[in-house]
Each structure stands twice: as C-alpha cells, then as structure tokens.
Amino acid sequence: MEVLHLDQLFLLFSEVFQLLTFQNIILFTLCSAVGILIGALPGLTATMGIALLTGLTYGINLETAIIMLLSVYVGAVSGGSISAILIGIPGTGSAAATVLDGNPLAKKGFARVALSLAMISSTIGTIVGIVFLAIFTPLLQNVALNFTSAEFTLLAIFGITICGSLTSAGEPIKGWIGGFIGMLITSIGFDGIYSFPRFTFGIVGLLGGIALVPAMIGLFGVPNLFHQLAIGEDNVTVEKLGKDHGIRIFPIIKKNISLIIRSGLIGSFIGAIPGVGEDVAAWLAYDIGKKTSKTPEEFGKGSYEGVIAAETGNNACIGGAIIPLLSLAVPGSAPAAVLLGALTLHGIRPGPMLPIQFPNFIIEVSAVLIVATVFMRIVGYFICQGAPHILKLPSFILMPVVGALSVIGSYALYANLFDLYVMFFIGLLGYAFDRLKFPAAPIVLGMILGPLADNSLRRTLMASQGSLAPFYTRPITIILLIMIVFSMVTQFPFYRRLMSKIFCKLKRAKSVS
Amino acid sequence: MAGEKGGNESTECIETNLSSEQSQHKINLSKADVGSSIIIFVISVLAIIGGTQMPVTMTGSKNLWYTAPGSFPIFVGVILAILSLLLFIRSVRKCGAFGKSDLSRIKNVLTTNYFRRLIFSILFLTIYVFIFLGRFDFVLSTAVYLFVNMMVFRSPKYSILKIAFASIIVTAAITYGFGTLAKIPLP
C-alpha cells in the first residue's frame, strides 16, 4: 500500500469539485452552521451533536450522511471557541484552553480579533489533520493487515489503558475503570460466538445488547441536561464584538506559522491515539506553545499565540482521530467513536479491509473534510457576527429541547421504545460518573472495543488451544504489550519519583562535567 | 472499613496551593471514591459470578473454558475488581473513610437548590420517557414536557405566555422538521 500518489491527489481534487453540487452546498452550509452553534452553546458538545445526528441520518444515503456528520464535527470543534472567547466558558471541552487567552482578549476589546484568529487557526489545523489522515491512514491499514485476533485483543486493551491514562486528569484508575465498565456493558446480550444470552435477566429488549447510539446520547447528552438545569440561572457576561482596531490577521498568522505547524502536528498525533481526543490535543498544543514561546509570560493574559496554539491543536485532532478509526476501527476521540457507529450503520466496516471493500473511501472522507473546513470558515464568520445574541439563549429553554432531541435521536434508529429506556438509564449512570470525575471517553471506547476484545480473545485462545503464547510471541503483540505496560506504569507515583531521581542525577552529572 | 480519622483529617488532605473550598471538594471526592469503589467491586464480583454460571460446554466444544460465553465477563470482572480495590485503598489512604461529619455533609447536599432542581429534571425526563411516550401523542407529550420544564426552571422575567409560546413553537418545529421533512420515526 502506498502513501498518497499524484493520481490520488488528482482524485482528491476531483472529489472536492464533485462535492460542490447545489444540494451539497446547502447541506454543507446548514450542517456547518448547526455544528458551530452546537459547539458555541455551552451544554452541547460535538459528541452529543454527532450522536443525535447519527440516528437521524439512518435512512439517508451514505454520501449525504458523511457530509452532514463531518460538517457538524468540524463546525462543533471550532464553534467552541466562540463562547470561550465571548463568555469565558468553553462551548466544548476542546475549547477550554482557548478561554485562557481568548476571553482576556475579548475583555480588552479585541473579541473580533480573537474570533478571527480562532477561526483561521481552526481552518489551518483541520487542513493539517486532513493531510495526516490522507498520508498515514493507508500506512496504518497496511500494518493492520498483519493483525490477527491476538493483536486486536491487545489493541483493544491498549485503547482503554492509554485513553484512561490521558483523559482522567491525574486519576488514571478512574479512566481504566470506566473503560472496563464500558466493556462489561457490551457483554449484555447475545455473545458474539455462540449467541448465548448473557446478563439479559429474561428481558427481551436486552437480547440484542445495549445499542451504541442511544447509550452515547445517554452518556453525553443526558448528564449535561440534568446538570445545566440543576445549576440554574445563567449569569454570564457576553463580551461585545467591538472593532478590529486596524489589526490585520494574516500578518499575525504568518508570524506564527511555525507555532501553527507544531500545534497542527501535535493535534494530529494526539488524535491518532485511541479515545484521547480534542481536549488533550488543545491543552498539549497550548502547553508546548507556551514553553516554546519567546513571551511565555503573556500566556493567560490575552496572547495571540495561546489562541492560535489551542485552536490549531484541537482542530488538527479531527483528521488525526479519523486515522485509527478508518484503519483499525478504533476511534481516536469521542466524536470519532460516534462516527464509527454511524459508519457501521451505513454499511461501512472500517479496518484493514476498508480499501478493498471501498477503495476510495479515505479520499472521499478527506474531500468532504476539506470542503467542510472551507464552509466552516465562511459560515463561522457570519455566525460570529450574531454570536453575542445567540449566547444569551438561556439554558432552561435550550436544555429541555436537548431532552426532546435526545429522545428523537435514540428512537430514530430502530423505532424501539426500549432504546429510550437505555438512553435514560445510561444517562443516569453517565451523570453519576460525571459528578464522580470518571471520564466518559473511556466508557465509550470500552463499549466500542468490548465486542472486538471479547471475540478476538476467545478466537485467539481457540486457535492456540488455550495457550497464551500468541499474546507474547508475535512482534506486534510484544510492542502492544510494552505499550500497555508503559501507558499504565507511567501513571504511578513511584515511576514519576524514579524518573525525577534519574533526571536530577543526569543534570548533576552534566553540570559537573 | 478503615478506621475513622479524627477532626484533623482535613489538614492531612489539603494541598497548600489550593483554596480551602477546592481542598474540601477534593476531600469530598476522595470519600465519594470510597463508596464508588465498593459499588464497582460488588458489580465486578456479580459479573464474575454471572460468568461462572454460564455454560462451559457449548455445542461443538468440550470443556473449552476459554471459549465459553462467561470467560470474557470473568476476565473483565477480575480486572475491574482489582482496579476498584486499588481505588478503594488509595482513597482511604488519602482521606479516610466515611464519618459522622460526612453524613451531615451529605444531608446538607440533599437540601440544596441544586439537588432539588436535579431531582425535578430527572423526574420530568422519567415521566416523559416512561409514561408519556408510547402511550400519548408525541406532539402533546413533547409540548407538555417542554412547557413544564421551562416553567419550573425559568427565570422570573419570562412570562407564562412566552414559555407556552416557546414550547409550542419548538414542538411544532421538531415534529415538522424531523417527522415530516426528514421522515424520521417519532415515538
């Protein structure tokens, strides 16, 4: 399998132009607008938006569904910067780092400048992620062709451990617990090999297992609904857009081009790690941007570099997150996890066999992302003009609407009332986990990787007649085992103490020499 | 349960670079982790027991325990049990187990405005999902759900008329947009 060749580049441009039909232009515009609004409104998230939309796209053709879902994804991730800048509350988790410099800029009267910087950085970041996607997905698919059940078992476990380690803010045990709870949830229903009903307790609705889309809507939509209604009156100050003060954006972008490229690469790389997502990408890009800046003391006080780093990083993560999604069927972020469910619904089976069953799918996805990015930039400009009014929408009006949409989104798939009950109970569980600071992303990843881990583990043991040798004698399994151990061991205090002792000794030795 | 620590438990847990409110929040979270780790441990044990009760011999396979339907729940259950035990030990070491002061703190939480509003929001969604939908017309159910929610949680500057108007308009928009235009099945 080769990296992007000239003929594939030509195909990519050809796909981009083919997408520009009148119907698709309307679709891109509407869905980008919906995505940006979802991202801009605190209480709604990109994951929730895609989860709600997934059920609604069930009866629609594949191309239209992909356009809708990816436009909302791109729009939502960048839309989070609007509320981050204007009210100091991130519209989505991925915009949390943008608040640090975006809101101070708005308070100083530079909201318009900050929003323009954020939107352009988001655009460039997404493009960097798309380039990563187009180049590395075929490479990873090539590697994945050598995967057997043993590799997939360990990959599933690695996904849980790395996602849990990186998403649980200093409490990796909670992330790992969440991941394995997600796996346990998928044990409910007919098992994948013998179709034996597990943990159904005689309830007919559980025979088919827990449906993924209602569970995701429950996990990401319902806890927010409860929490936002419970915290009550919105007392937010929305900053005015103000003037641009004669500041030109492109010279700022040109001056910070190395920062943009670095943040884009960081975002794409983080996106490629299973289940980690845009939040971590934004923070890491921001953190490294600060450490490498000539004026780190400006960060947190309204630094242009802070806004640029965070927004480039989080948007670059989009393309990065789709890499493992398409090549290994392992999502790189929570929205990508929902996207996986959506692709499966439409008959697309991501993984190493994807290029054989759908030869140009990666090119088509890249083309849709490119067009979605352009429309996000154009539509984003207009939405920013009306943003101060949009953000004044109170949560007591918005959240019940989210409740109604959650019901529709959960029911739309199979027209089954039982899915509403699943959404509700998973929502209660999700709320409890949220309050207890158990991150939701590992739970979702566990639910997606559970069937893979279950069937692969048992198939491996069947083939080896009970021997565990395949898990430690194959080259890729050894690498995966090392990665699993590394992702867990590095989280423990004894490892950090050991590393700091080693670094201190090295520093002393260097200063002596 | 590990023994209670006395009134000095807060000082042992406070990190010097946090405000007292943040420190208290961290303490409360650690204590909640004690409870959640116990619940998760119980769930993992139940999963292991459930897994062992599933048949080991299936058609075409003799005593191949590793292919049995129960093997994966047992595998996950064991890992969850270990992780929940680690969480329990870490939380108890950090801030001790529950004491009488924690019970009174829990009672205080139950009387807050936040908790009251939370119960209402859960109750309304419960009634909407379990009682209204499937039994009554979707349009009526949704309009009532939206109206009641908006009325209960509204800011005083919004009149009943405005709330009623908003709930009817939104219901009509959702029903027409999804049910008629997009032809999506509605409950």
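The values are calculated or read from the model by the stated rules, or taken from the named source; none is laboratory data. Keep in mind that what you see is a predicted model, and the values were worked out from it rather than measured. Here the Cβ positions follow ideal geometry from the backbone for every residue, glycine too, while neighbour counts run over all protein chains shown. Each accessible area value is taken on the protein alone, full model and side chains, heavy atoms only, with ligands, DNA and RNA left out. Shrake-Rupley method; radii C 1.70, N 1.55, O 1.52, S 1.80 Å.
Is the stretch A:8-116 best put as rounded, prolate or oblate by its Cα gyration tensor, with a ≥ b ≥ c the root eigenvalues, rounded for a/c under 1.5, and otherwise prolate when a/b is larger than b/c, oblate when not? Cα axes put the stretch A:8-116 in the prolate bin. Once the convex hull of all Cα atoms in the protein assembly as shown is built, its volume per residue stands at 188 Å³. Averaged over the residues of B:173-183, the number of partner chain Cβ atoms lying within 10 Å of the residue Cβ comes to 2.
Calculated accessible area for the stretch A:230-340 comes out at 40 Å² per residue, all protein chains present (probe 1.4 Å; ligands, DNA, RNA ignored). Remark: chain A carries a charge dipole of roughly 1740 debye about the Cα centre, counting +1 on each Lys and Arg Cβ and -1 on each Asp and Glu Cβ. By definition, a body whose alpha carbon gyration tensor gives a ≥ b ≥ c is oblate when a/c is 1.5 or more and a/b is not larger than b/c, and the stretch A:394-502 fits this oblate description. Nonpolar atom fraction for the stretch A:192-282, defined as the carbon and sulfur part of the 1.4 Å probe accessible area, stands at 61 percent.
When only Cα pairs under 8 Å and 6 or more residues apart are kept, what is the percent relative contact order across the stretch A:46-97? Across the stretch A:46-97, relative contact order equals 30 percent. Taken about its Cα centre, the stretch A:342-446 carries a charge dipole of about 240 debye when Lys and Arg each add +1 at the Cβ and Asp and Glu each add -1 at the Cβ. Relative contact order for the stretch A:187-237: 26 percent, from Cα pairs under 8 Å spaced at least 6 residues apart, divided by residue count. Here is the size of the stretch A:341-412 from its Cα atoms: Rg then Dmax, 18.3, 49 Å.
The Rg/Rh ratio for the stretch A:134-200, using Cα coordinates for both the radius of gyration and the Kirkwood hydrodynamic radius, is 1.09.
Accessible area lost on pairing A with B, both sides, 1.4 Å probe, Å² to nearest 100? Looking at A and B, the buried total is near 5400 Å². By the helix-only formula, in which each DSSP H run with n ≥ 4 contributes -39500 (n - 2.57) and the sum is divided by residues, chain A has a 222 nm mean residue ellipticity of -24500 deg cm²/dmol. Given contacts defined as C-alpha pairs under 8 Å and at least six residues apart, what's the relative contact order of chain A, whole-number percent? Computed value for chain A: 28 percent relative contact order.
Selection among A:Y414, A:V444, A:F396 by position relative to the dipole of the stretch A:393-513 gives A:V444 as farthest towards the positive end (Cβ unit charges, Cα centre). Considering only A:G170, A:V238, A:S303, the residue lying farthest towards the positive end of the dipole of the stretch A:151-305 is A:S303, judged by Cα position with unit charges set on Cβ.
Measuring with a 1.4 angstrom probe and ignoring ligands and nucleic acids, B:T180 comes out at about 70 Å² accessible.
Treating each Cα of the stretch A:249-389 as an identical point scatterer and summing with the Debye formula, the log10 of I(q)/I(0) at q = 0.11, 0.15, 0.19 Å⁻¹ comes to -0.49, -0.83, -1.11.
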